[in-house]
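Peer 1: What follows is a structure written as structure tokens; I'll ask about it next.
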Amino acid sequence: MAVIIPIGLTLYILFFIIDVMDGLLKIVPDRYEPDALLGFHMPGLGIIFTVLLIFITGLITKSYLGNVVVRKGEGVFAQIPIVRSIYLAIKQIFNSLFVGKSRSFRKVVLVEYPRKGLHSIGFVTGSAEETFPQISHEHEKNIGVFIPLALTPYTGAFVIVRESDMIETDMTVEEAFTLIISAGIVPPRSRTFWVER
């Protein structure tokens, strides 16, 4: 079981991703679909299609005309009530993670959560000074920290802590996620992660 389950789950996830990407080919008219042209189904063509789509979209949006089209499209999304909320939230998250020079999710820390004496792994999302000036202190910053749940790290809690209440580590984001997803069963490589303050 120790050998089969990790291999099986890895293959299951890979095939799931391939199936999702192959599903993108459904936007192509039926007679131009690769399955219709080739006469048989070839798994993985969706990955090539996705990479090409991202590359072409990048080239188009770099041009003046493409930039105008993107701005017009965003304007349309901004007019639709429910769609606007979802789109703007997703856009801000991806901009902060991939486009800007944000330090979000770059630093792994330990914070006392959910109560004193219990420590949770968290990811620094940024300063909370401007967002919540009413709780700011004269001599130390308030920092936003996302604390993911074990096994389901895409959910969790967002907390604001004083900088002095955080314990900084030199653990990488990948090492922290490995520890969290495995609920501590699979520790990162053996070394000390505490950073002297």
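Values in this text are rule-based calculations from the coordinates and carry no lab data. Since the structure is predicted, the reported quantities are computational estimates derived from the model, not experimental observations. Quick reminder, even Gly has a Cβ in these numbers, built from the backbone with ideal geometry, and neighbours come from all protein chains shown.
Peer 1: Under DSSP H, which helices of the chain have Cα atoms covering 18 Å or more of the helix axis and a Kyte-Doolittle average no less than 0.0? Each step should come with its number before you reach the end.
Peer 2: Working: long enough: 4-23 (28 Å, 1.94); 45-62 (26 Å, 2.26); 64-79 (23 Å, 0.24); 81-94 (20 Å, 1.07).
Once both thresholds are applied, what remains is 4-23, 45-62, 64-79, 81-94.
Peer 1: Dipole magnitude of the chain about its Cα centre, charges +1 at Lys/Arg Cβ and -1 at Asp/Glu Cβ only, in debye to the nearest 20? The partial results should precede the final answer.
Peer 2: Working: 18 positive and 18 negative charges, 67 e Å.
So the dipole magnitude of the chain works out to roughly 320 debye.
Peer 1: Compute the distance from the alpha-carbon center of the stretch 28-79 to that of the stretch 117-166, in whole Å.
Peer 2: Cα centroid of the stretch 28-79 versus Cα centroid of the stretch 117-166: 38 Å apart.
Peer 1: Grab the chain and count how many Lys pairs have their alpha-carbon atoms under 18 Å apart, sequence gap of 8 or more, or different chains. Before the final figure, lay out each step's value.
Peer 2: Values: Lys62/Lys72; Lys62/Lys91; Lys72/Lys91; Lys91/Lys101; Lys107/Lys141.
So the count works out to 5.
Peer 1: In terms of modelled amide H atoms, which long-range or inter-chain residues lie less than 5 Å from the amide H of Ala128?
Peer 2: Asn142, Ile143, Gly144
Peer 1: Hey, fewest Cβ within 10 Å first, where do Ser127, Ser85 land in order?
Peer 2: On the way: Ser127 16, Ser85 10.
Taking fewest neighbouring Cβ atoms as first place, the list is Ser85, Ser127.
Peer 1: Moving on to the next point. Identify which of Arg115, Arg84, Arg106 has the largest mean-square fluctuation in a Gaussian network model of the chain, with springs joining Cα atoms closer than 10 Å.
Peer 2: Evaluated over the chain, the most mobile residue of the options is Arg115.
Peer 1: Specify whether the C-alpha gyration tensor of the chain places it in the rounded, prolate or oblate class, a ≥ b ≥ c being the square roots of the eigenvalues: rounded for a/c under 1.5, otherwise prolate if a/b is larger than b/c and oblate if not.
Peer 2: Details: a/c = 2.80, a/b = 1.41, b/c = 1.99.
Oblate is the answer for the chain, as a/c is 1.5 or above yet b/c matches or exceeds a/b.
Peer 1: Once you charge only the Cβ atoms, +1 for Lys and Arg and -1 for Asp and Glu, what is the size of the charge dipole of the stretch 108-181 about its Cα centre, to the nearest 20 debye?
Peer 2: 340 debye
Peer 1: 222 nm [θ] for the chain, helices only, -39500 (n - 2.57) per DSSP H run of 4+, per residue, to 500? Provide the component values of the computation, followed by the final result.
Peer 2: Numbers: 6 runs with 82 residues, N = 197.
So the helix-based figure for the chain works out to -13500 deg cm²/dmol.
Peer 1: For Tyr154, Tyr12, what's the fewest-to-most ordering of other Cβ within 10 Å of each Cβ? All intermediate terms of the calculation are to be shown ahead of the outcome.
Peer 2: Details: Tyr154 6, Tyr12 10.
The most exposed by this proxy come first: Tyr154, Tyr12.
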